[in-house]
Amino acid sequence: MDIRPYQFTVARGYVEPSRPVYAVFLDEHSFIEAYRLKEYSPAIDFGSYVLVAVHRGTCPSAGYHVRLTEAFTEGGLLIVRVALEDPGKGMMNAAVITHPRAFGLIERAALPDRQTVTVHLVGTAGKLIATLTATTGTATKA
């Protein structure tokens, strides 16, 4: 199952989380409320897609990354693999505060239940990072 990377441009209202945050959104209202958005673009077709968000929180330098690498269903769950990358030892990185994040769009048609979605975010080594459940009209954040 494909994950389409999503980057949004915010006109007003968005504030980066300072701690790790994981979320799944099934509708625009939940997305706008969670991020306190006034406007954003490009628009998301929530009738066709589910949005998964992973934020690392505040990081002390450049070189930290988040990637959504794989999505598949298993036993009625949506499993999303997440790669959290740190700067390599001895690497020269800009000394700036960063807020690594990744957003991915996943087609609803590939999901067993399109109104309620339970997502397991799993690290590349197979360790469970978070479990999220969302129903249309609500969002779950961890």
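State the antiparallel share, in %, of DSSP beta bridges confined to the chain, rounding to the nearest 5.
Working: 37 of 42 bridges.
Beta bridges within the chain, antiparallel portion: roughly 90 percent.
Ranked highest first by the average count of other Cβ atoms within 10 Å around their residues, in what order do 109-115, 125-131, 51-57, 98-104 fall?
Most protected by this proxy first, the peptides run 51-57, 98-104, 109-115, 125-131.
If each DSSP helix of 4+ residues adds -39,500 (n - 2.57) and the sum is divided by the residues in the chain, what number results at 222 nm, nearest 500 deg cm²/dmol?
Rounded to the nearest 500, the figure is -1500 deg cm²/dmol.
Using a simple spin-label model with points 7 Å from Cα along the Cα→Cβ vector, what separation in nm is obtained for residue 85 and residue 45?
According to this spin-label approximation, the distance is 3.0 nm.
Give me P(r) over the range 51-115, computed from all C-alpha to C-alpha distances, binned every 5 Å, as integer percentages.
Distribution as computed: 4, 16, 22, 17, 13, 10, 8, 6, 3, 0 percent.
For mean projected area of the Cα convex hull in nm², several values are listed as (1) 13.6; (2) 10.1; (3) 8.6; flag the one computed from this structure.
Looking at mean projected area of the Cα convex hull in nm² for this model, the match is (3).
Which distance in nm do the two modelled labels at residue 65 and residue 127 give, with both placed 7 Å along the Cα-to-Cβ direction?
Label-label distance for residue 65 and residue 127, simple model: 2.0 nm.
Classify the range 8-86 as rounded, prolate or oblate from the Cα gyration tensor: take a ≥ b ≥ c as the square roots of its eigenvalues, call it rounded if a/c is under 1.5, otherwise prolate when a/b beats b/c and oblate if not. Write down the numbers at each step before the final one.
Details: a/c = 2.08, a/b = 1.01, b/c = 2.05.
Here the range 8-86 falls in the oblate category.
What's the FRET efficiency of residue 120 with residue 9 using the Cβ-Cβ distance as r and R₀ = 22 Å, to the nearest 0.05?
Taking R0 as 22 Å, the efficiency between residue 120 and residue 9 is 0.15.
Work out the FRET efficiency for residue 29 and residue 97 from their Cβ-Cβ distance, taking R0 = 30 Å, and round it to the nearest 0.05.
Values: r = 31 Å, r/R0 = 1.02.
Rounded to the nearest 0.05, the efficiency is 0.45.
Label residue 37 and residue 16 with points 7 Å out from Cα along Cα→Cβ: what is the distance between them in nm?
Calculated label separation equals 1.8 nm.
Taking neighbour Cβ counts within 10 Å as the exposure measure, how do 132, 37 sort from fewest upward?
With the sparsest Cβ surroundings first, the list reads 37, 132.
The numbers here are math on the coordinates, done by the rules we state, and not lab data. Predicted model, so just to flag it, every value in this text is computed and none were measured. No Cβ is skipped: glycine too gets one built from the backbone with ideal geometry, and neighbour counts run over all protein chains shown.
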